[in-house]
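Engineer: The structure follows.
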Amino acid sequence: MTGVTVIIVLGGLALLAFLGYASYAIEAQVYMRTFCRKKTTEKVVALTFDDGPDSVQTPQVLDLLRKYQVTATFFCIGHQANSQPELVRQIVREGHLLGNHSYSHACTFPLYRLRRMKEDLRSCQRLLEGISQQPVTLFRPPFGVTNPTIAQAVKQLGYTSIGWNIRSLDTQILLADHVVDRIRKRLSPGSVILLHDRLPHSAEVLQKTLQLLQDEGYEVVSLTQLINDKI
Ligand SMILES: [Zn+2]
């Protein structure tokens, strides 16, 4: 290996370690207040979907949510929403909440300077508000990464930062049953579950998760209910 290759490999490993720590840190709330779960003994949970809308998976996810008569929050990526405005409208029309997941979702987003970061977030907010005709102030940091710059941007833009306490790892675990097993082991009252509506097994994971919640006697509530209601 040349010196340059070693530097690239070490840089990549350092970035992975950073992302791993920072993703954990969203629950630790090292840099900013982030709603990750509700302290309650009631069997309620909120479902959240990141990285959509996706032309193939999001409609299937919406069909299942309608079938089970539950609502969720969709943290949309701006450039995805820009190419799928009708899906954004459908999400809102069917009673779900929209959240800002940045316009670019670039892997370098956490390293942006404050001005660029705010512009990216505002672009996503403007787009989602333009399509949905409603305010969009819920925000989920891309990759769940938080740092002082993101904390400052969120504060200045007046967003409510949303994390999770159940990371399904559906982006890494290929078998839906294994994803749902992981959720089952972590299931507790007041949980916020992180899922994605862009994966080949998104619908299968959701269907099995909804069945699990039903079997365990859990009620699915919206994020705003979980945050604001006396549950
Ligand atoms: Zn994401």
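Engineer: Run the quick spin-label model on Val4 and Gln90: label points 7 Å from Cα toward the beta carbon, then report their separation in nm to one decimal.
Structural biologist: With each label placed 7 Å out from Cα toward Cβ, I get 4.7 nm.
Engineer: Against the longest principal axis of the chain, how steep is helix 3-28, in degrees 0 to 90 to the nearest 10, with axes from Cα atoms?
Structural biologist: Taking the Cα atoms of the chain, the angle to 3-28 is about 40 degrees.
Engineer: Taking θ as phi - 60°, what are the ³J(HN,Hα) couplings along region 196-201 by the Karplus curve (6.51, -1.76, 1.60), each to the nearest whole Hz, with x for Gly and Pro?
Structural biologist: 3J(HN,Hα) across region 196-201, in whole Hz: 10, 9, 9, 10, x, 9.
Engineer: Under 5 Å between amide hydrogens, which residues at least 5 positions from Ile77 or on another chain qualify, with H placed 1.01 Å from N in the peptide plane?
Structural biologist: Residues meeting the criterion, in which the H sits 1.01 Å from N, are Asp51, Gly52.
Engineer: Something else about it: For the chain, what does the helix formula give at 222 nm: sum of -39500 (n - 2.57) over DSSP H segments with n ≥ 4, over the residue count, nearest 500 deg cm²/dmol? List each step's numbers first, then the result.
Structural biologist: Details: 9 runs with 112 residues, N = 231.
So the helix-based figure for the chain works out to -15000 deg cm²/dmol.
Engineer: To check you understand DSSP bridge types, tell me what percent of the beta bridges within region 33-228 (both residues inside) are antiparallel, rounded to 5.
Structural biologist: 5 percent
Engineer: Here's something else I'd like to know. Over the chain, one equal point on each Cα, no solvent: what is log10 I(q)/I(0) by the Debye formula at q = 0.11, 0.17 Å⁻¹?
Structural biologist: Log-scaled intensity ratios, in q order: -0.54, -1.28.
Engineer: Further, regarding this structure: Which stretch or stretches of region 129-157 have amide N atoms under 16 Å from the point lying 7 Å from Thr171's Cα along the Cα→Cβ direction?
Structural biologist: What the label zone holds, given the 16 Å backbone N cut-off, is 140-147.
Engineer: I've got another one for you. Which net charge results when you count Lys and Arg as +1 and Asp and Glu as -1 among the other residues whose beta-carbon is under 9 Å from that of Leu194?
Structural biologist: Values: positive: Arg140, Arg167; negative: Asp50, Asp170.
For residues surrounding Leu194, the net value is 0.
Engineer: Okay, moving on. Quick one: net charge of Gln57's neighbours, Cβ under 10 Å, K/R +1, D/E -1? Could you put the intermediate results ahead of the total?
Structural biologist: Values: positive: Arg198; negative: Asp51, Asp54, Asp197.
Computed value for this residue: -2.
Engineer: Here is a further query. Which ³J(HN,Hα) values in Hz, rounded to whole numbers, follow from the phi angles of region 159-165 under the Karplus curve 6.51 cos²θ - 1.76 cosθ + 1.60, where θ = phi - 60° and Gly and Pro get x?
Structural biologist: Working through the residues one at a time gives 7, 9, 7, 10, x, 6, 10 Hz.
Engineer: If you don't mind, another one. In Å and whole numbers, how far do the C-alpha atoms of region 52-182 stretch along each principal axis, longest first?
Structural biologist: Principal extents (Cα only, largest first): 42, 34, 22 Å.
Engineer: Using a 1.4 Å probe and counting only protein heavy atoms, arrange Arg115, Arg122 so the residue with the most accessible area comes first. Walk me through the numbers on the way to the answer.
Structural biologist: Values: Arg115 205, Arg122 85 Å².
The ranking, largest first, comes out as Arg115, Arg122.
Engineer: Another question about this same structure. Using the Karplus equation 6.51 cos²θ - 1.76 cosθ + 1.60 (θ = phi - 60°), what ³J(HN,Hα) coupling, rounded to whole Hz, does each residue of region 182-193 give in order, writing x for Gly and Pro?
Structural biologist: Karplus-based 3J(HN,Hα) across region 182-193 equals 5, 5, 4, 5, 9, 4, 7, x, x, 6, 10, 9 Hz.
Engineer: What net charge is computed for the residues neighbouring Phe109, neighbours being all others with C-beta under 10 Å from the C-beta of Phe109, Lys and Arg scored +1, Asp and Glu -1?
Structural biologist: Details: positive: Arg116; negative: Asp120.
Value of the local net charge: 0.
The values are calculated or read from the model by the stated rules, or taken from the named source; none is laboratory data. Here the structure is a predicted model, which means the values were calculated and not measured. All Cβ positions, even for glycine, are placed from backbone atoms using ideal geometry, and neighbour counts span all protein chains on display. Just the protein is used for accessible areas: all its heavy atoms, side chains included, with ligands, DNA and RNA removed. Shrake-Rupley method; radii C 1.70, N 1.55, O 1.52, S 1.80 Å.
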